[in-house]
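Here's the structure, in structure tokens; my notes come after.
Coordinate-derived values only; no laboratory data. Not measured: the values here are computed from a predicted model. Here the Cβ is made from the backbone with ideal geometry for all residues, glycine too, and neighbour counts use every protein chain on show.
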Amino acid sequence: MTSPITVTTQEVQSFHQAIRDAETIAISGHTNPDGDCVGSCLALYAYIKNRYPDKKAEILLEPVGERFRFLKYADRVTQTPGEEPYDLFFCLDCSDSGRLARFGETFEKARHTVCVDHHVSNQDTFGEYRFVNAEAAATCQMLYLLFEEPHIDFECAQALYLGISHDTGIFKHSNTTRQVMEIAGALIEKGVRPEFIIDETFYKKTYIQNQILGRALMESILLLDGSIIFSVIKKKDMEIYGVDGSDMDGIIDQLRVTEGVECALFLYEKEEGLFKVSMRSNGRVNVSEIAQTFGGGGHIKAAGCTVAGDVRDTINNIAYMVEYQLKQDSEND
Ligand code: AMP
Ligand code: MN
Ligand code: MN
């Protein structure tokens, strides 16, 4: 049984003290914000609004996906930081300053910084106050533990539920612990409607999103006797369908559940010759380790990186590392 993650009373106090000591606060997260990243940023914003209404908080994030826009405060997300350095900069669900992309400079200039995260690849030099636990299923789970429960209102609860449900693959990945379910239950008591959040933000697809999913599955290829599956979508095809990265979110999950697969790879071309790589493992392969060799990172079973160059070389290199890990794993059996 997995034991619950904990934050100490002292950690809760220093988290709150950092907010109390600040007048201006920036809340930010990783590039290509996913459910946990958007959820964390909106939840913290809602919490500060409720608990510390006199603070001047801003959410600095890349534009949030259409499917998250019904959430309260999603319309407050901005890409334009204030001119003056912020007193406090929250970096949420983000393993390193490079992943803050265009907000990295604002982070560097801030008077104080806080990092709340759960990536195994998070570097321990990142952030002045650090609340980082790779055992946590989601950054939203950590925030829930850092927040004072009575000050979590419906808007905040909804955003936390979004993050926890997405990063657990809708409560089914191995990070779904008793504590995760108990937190989800507490959020439901705050008025969250699971079927609404899950359908609106996870399962619902536009026609075009379904088409590109179909295309990626049709063109997927098995390697290493079916232990690896990969699929690639080129820029010109993305243009034909009129899709961007956020339209292809579920593709990797569908590839991963292919019978016999140990490791799934999905690549799409962000710019000419520059590929975003998503990797998922079914347990025997540590994909975070592989992603880190390409300058990326993530979790043991879900990681990513961005790689320039010939896409076949990238796939061959990754396949070689997967094969090596699988061999090591069978030797250890
Ligand atoms: P993705 O495949 O983009 O859904 O990412 C899977 C996991 O790996 C997520 O938790 C991401 O935050 C993380 N991740 C993806 N790309 C990177 C990267 N370049 N550096 C660090 N972590 C990453
Ligand atoms: Mn994330
Ligand atoms: Mn996360």
Separation in nanometres of the label points that stand 7 Å from Cα toward Cβ, at residue 76 and residue 153: 0.9
Residue 333-residue 284 pseudo-label distance in nm [points 7 Å out on the Cα-to-Cβ vector]: 0.6
Debye intensity ratio in log₁₀ form over the Cα atoms of segment 133-256, taken at each q of 0.12 Å⁻¹: -0.58
Proxy reagent accessibility, fewest Cβ within 10 Å first, across 223, 92, 61, 217: 217, 223, 61, 92
Range of Cα positions in segment 73-189 per principal axis (Å), largest first: 41, 30, 22
Loop sites in segment 223-253: trypsin sites (Lys or Arg not before Pro), DSSP, at most 16 other Cβ within 10 Å: 234
Exposure proxy ranking, count of Cβ atoms within 10 Å, fewest first, for 40, 95, 3, 227: 3, 227, 95, 40
Measure of compaction for segment 289-333 (Cα Rg per 2.2 N^0.38 Å): 1.24
Where N is the number of residues in segment 246-307, Cα Rg divided by 2.2 N^0.38 Å: 1.07
Pair residue 317, residue 52: separation of 7 Å Cα→Cβ label points (nm): 4.2
Pairwise centroid distance, computed over Cα atoms, of segment 59-90 with segment 270-333, Å: 31
Neighbour net charge for residue 125 - beta-carbon separation under 15 angstrom, K R +1, D E -1: -3
Entries of 72/190; 172/236; 205/276; 109/301; 49/270 with Cα pairs more than 24 Å apart: 172/236; 109/301; 49/270
Sorted by Cβ neighbour density within 10 Å, fewest at the top, the residues 249, 244: 244, 249
Cα-based shape type of segment 189-289, given that a ≥ b ≥ c are square roots of the gyration tensor eigenvalues and the cut on a/c is 1.5: oblate
The chain: relative contact order in percent, alpha carbon pairs under 8 Å with at least 6 residues between: 13
Förster radius 25 Å - calculated FRET efficiency between residue 178 and residue 102 (Cβ-Cβ, nearest 0.05): 0.05
The chain: angle of helix 178-189 to the longest principal axis, Cα-based, in degrees nearest 10: 60
Hull shadow area, averaged, segment 4-52 [alpha-carbon convex hull, nm²]: 4.4
Principal axis dimensions, largest first and in whole angstrom, of the chain by Cα: 58, 45, 39
